[in-house]
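Since the structure comes first, as structure tokens, the remarks are kept for the end.
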Amino acid sequence: MRDRVMTQEESIEYLLGRSQRHGDTFPIRREFLQARVEGLFGEPTTGPGPLSNLLRAPHALELLLLVYAVTTGGDFGVTERSQLWGRAAGFYMLPDRNASVAVSRQWQHLEKLGLIERQQHGRFKRIIKRRECGLVGGKASVAYTVPTGAKSDVYFRVPFAYWREDWHRKLDMPGKAVLLAAMSRRKETFTLPQDTRGARALGLGRHTVTRGIEELLHHELLVKTGTDEVVNARTKGGYESVHTYQLAKPFNINLSNSEIERLKAERTEAERLEAKYQTLEEVELAVEEVALLARGSNAGRKAGQPG
């Protein structure tokens, strides 16, 4: 009788369970998508981060996201069999020795990008995550630390629902890339520029952004909320109209502190206006009641007068 083999879902749930994360989310720094680079004249600007090098390596991205989810402390490493990793990432389901070769190719790709480090750990490989910026200056990776959320260390959270609701299989790479980019905006309502320059600022290509938006709209993970005018000096008028979006559940969980304060202020103002108009309505009703009483009193006096 052949031994039963864990399914992809069971393999993923095993890895997520061992993470013991509170809230069932894990952090990713924005630098994974957007790297700080020098412009043409040496000025600091934004360019594509390591994610751009994974758009044609879907299995490597899935492995990396699982590593991000599982590793929580110590040396930020995890040791598991290659067969488990291959099943969880969905590209090698057989429980044989060839899994080591298939999985090793994906680890090698991530290691070359400076996103992980491999160490021998008994008969298995220990996978240690490195900082999301990857190779610095194209030479060396940086040891991982817990993100602080400071202005120079911005991060966003990804929910375990990405796997538990099957989005890792429903979405293609453009959809996954734009989903990560949208979460990294950390706003309730945001724009996703589709011109070449704007897409590059997101760390993605123009066609990737366009296809990803269409995919997320189709799955109703992204909702159009209206349009906004943004500065674009390349247009005749200096402005252009762009669509604004909101993320739907379960991915609408990332708001910056300034965005939270802004929404609180809006809510407070809305409540103040509601109370004001409610008071005005009460005053108007009271005035109407007084007018009715006055009319009734006048009518009574007229009825009592002799003809």
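Observations on the structure shown:
- With respect to the conditions (1) within 16 Å of F156 (Cβ to Cβ); (2) within 12 Å of the chain's Cα centre (by Cα); (3) open to solvent by less than 10 Å² (accessible area, probe 1.4 Å), G175 lacks only one, and its number is (1).
- Residue count for the range 93-148, restricted to those that are within 16 Å of A60 (Cα to Cα), open to solvent by 50 Å² or more (accessible area, probe 1.4 Å) and among the small types (G, A, S): 1
- Restricting the first member to the range 1-23 and to residues that are under 14 Å from F160 (Cα atoms), and the second to residues that are polar (S, T, N, Q) and open to solvent by less than 50 Å² (accessible area, probe 1.4 Å), the beta-carbon pairs closer than 8 Å and six or more apart or on different chains are S19/T71.
- Scanning the range 81-122 for residues that are out of contact with any helix residue (DSSP H, G or I) (no Cβ under 8 Å at 6 or more places or on another chain) and either farther than 19 Å from M6 by Cβ or among the small types (G, A, S) (or both) turns up V101, R105, Q108, E111, K112, Q119, Q120, H121, G122.
- Those helices (runs of 4 or more DSSP H) of the range 160-241 in which 3 or more residues are closer than 27 Å to Y68 by Cα and touching a helix residue (DSSP H, G or I) at 6+ places or on another chain (Cβ under 9 Å) occupy 161-164, 167-170, 173-185, 206-218.
- Residue list for the range 9-29, filter: open to solvent by less than 20 Å² (accessible area, probe 1.4 Å) and more than 18 Å from the chain's Cα centre (by Cα): S11, I12, L15, L16, S19
- When the range 48-82 is filtered for residues that are surrounded by fewer than 17 Cβ atoms within 10 Å (Cβ to Cβ) and within 22 Å of E13 (Cβ to Cβ), the ones remaining, listed by number, are T72, G73, T79, R81.
- Top-ranked residue of the range 116-141 - restricted to ones that are part of a loop (DSSP other than H, G, I, E, B) and in contact with a strand residue (DSSP E or B) (Cβ under 6 Å, 6 or more places away or on another chain), ranked as farthest from S152 (Cα to Cα): S141
- Taken as a whole, the range 57-70 holds at least one residue that is part of a loop (DSSP other than H, G, I, E, B), in contact with a helix residue (DSSP H, G or I) (Cβ under 7 Å, 6 or more places away or on another chain) and modelled with pLDDT of 95 or more.
- Filter result for G90 (open to solvent by 20 Å² or more (accessible area, probe 1.4 Å), out of contact with any strand residue (DSSP E or B) (no Cβ under 7 Å at 6 or more places or on another chain) and free of Cβ contacts under 8 Å to residues at least 24 places away in the same chain): no
The values are calculated or read from the model by the stated rules, or taken from the named source; none is laboratory data. Every value quoted in this text rests on a predicted model; they were computed, and no experiment measured them. Heads up, the Cβs are rebuilt from the backbone with ideal geometry, glycines too, and the neighbour counts pull from every protein chain shown. Remember, those area values only see protein heavy atoms, side chains included, never the ligands or the DNA or RNA. Shrake-Rupley method; radii C 1.70, N 1.55, O 1.52, S 1.80 Å.
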